[in-house]
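Quick notes on the structure that follows.
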Amino acid sequence: MTYEEMLALARSKLNPRAYGRFFSAGFVSAVIEGANGKYYTGVNLDLACGLGFCAERNAASTMVTDGETAVRRIVCVGEDGQPMTPCGCCREFLLQLSPENAAAEFLVSERPLRVKRLSEFLPDPWQKENPTDGANS
Ligand SMILES: [Zn+2]
């Protein structure tokens, strides 16, 4: 799939709407190309009390459910259909899924078409500075 096709798929999943007073979704949409060559989609979920999560993490969760943790490319669009860059939570989340994701490409702009690697968004991950963190022994 080209970036243009990924953009079209992401835009086709936008469906901004409120599902009552405490839940809205579909204002942001993401498409992830896994290292397995499959594509995963997700939209944002915004719930009351600060719960919910971004479209990128929604798509990544589906990818992990399918047994894949490595990402090749991500396209994320906002309500206006334009590419969005990942928030800090998504940057960290994706890097922790797999160290390979440092090389994952994000579409930053459509015209001109420009991509950026996760390692450029997160140049100094804490894991590099604290290689034993997370080991319980
Ligand atoms: Zn995010």
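The values are calculated or read from the model by the stated rules, or taken from the named source; none is laboratory data. Treat the numbers as computed from the prediction; the structure is a model and nothing was measured. Quick reminder, even Gly has a Cβ in these numbers, built from the backbone with ideal geometry, and neighbours come from all protein chains shown.
Looking at (1) within 13 Å of Ile32 (Cα to Cα); (2) away from the ligand (no atom under 15 Å from the Cβ); (3) not hydroxyl-bearing (Ser, Thr, Tyr), find the lone condition where Ala104 falls short.
For Ala104, the failing item is (2).
In the range 47-56, how many residues are in a helix (DSSP H, G or I) and either buried (at least 21 other Cβ atoms within 10 Å of the Cβ) or aromatic (Phe, Trp, Tyr) (or both)?
Looking only at that region, the number is 2.
Which one of these is more than 14 Å from the chain's Cα centre (by Cα) and under 20 Å from Arg117 (Cα atoms): Glu56, Glu33, Glu5?
Answer to the check: Glu5.
Sort through Gly50, Gly42 and tell me the only one that's at pLDDT below 95 and within 16 Å of the ligand (Cβ to nearest atom).
So the residue among Gly50, Gly42 that is at pLDDT below 95 and within 16 Å of the ligand (Cβ to nearest atom) is Gly50.
Based on what the data block shows, is Asn130 more than 15 Å from Met6 (Cβ to Cβ), at pLDDT below 95 and either among the polar types (S, T, N, Q) or crowded, with 21+ Cβ neighbours inside 10 Å (or both)?
yes
Which residue is nearest to the ligand (Cβ to nearest atom), if the candidates are limited to the range 59-83 and must be crowded, with 22+ Cβ neighbours inside 10 Å and closer than 16 Å to Ala25 by Cβ?
Among those that are crowded, with 22+ Cβ neighbours inside 10 Å and closer than 16 Å to Ala25 by Cβ, it is Cys76.
Filter the strands (runs of 3 or more DSSP E) completely within the range 70-119 down to those with at least 3 residues that are in contact (Cβ under 8 Å) with a residue 24 or more places away in the chain.
71-77, 105-109
Identify the single condition in (1) buried (at least 16 other Cβ atoms within 10 Å of the Cβ); (2) within 26 Å of Pro16 (Cα to Cα) that Leu97 does not satisfy, given that it satisfies every other one.
Looking at each condition in turn, Leu97 falls short on (2).
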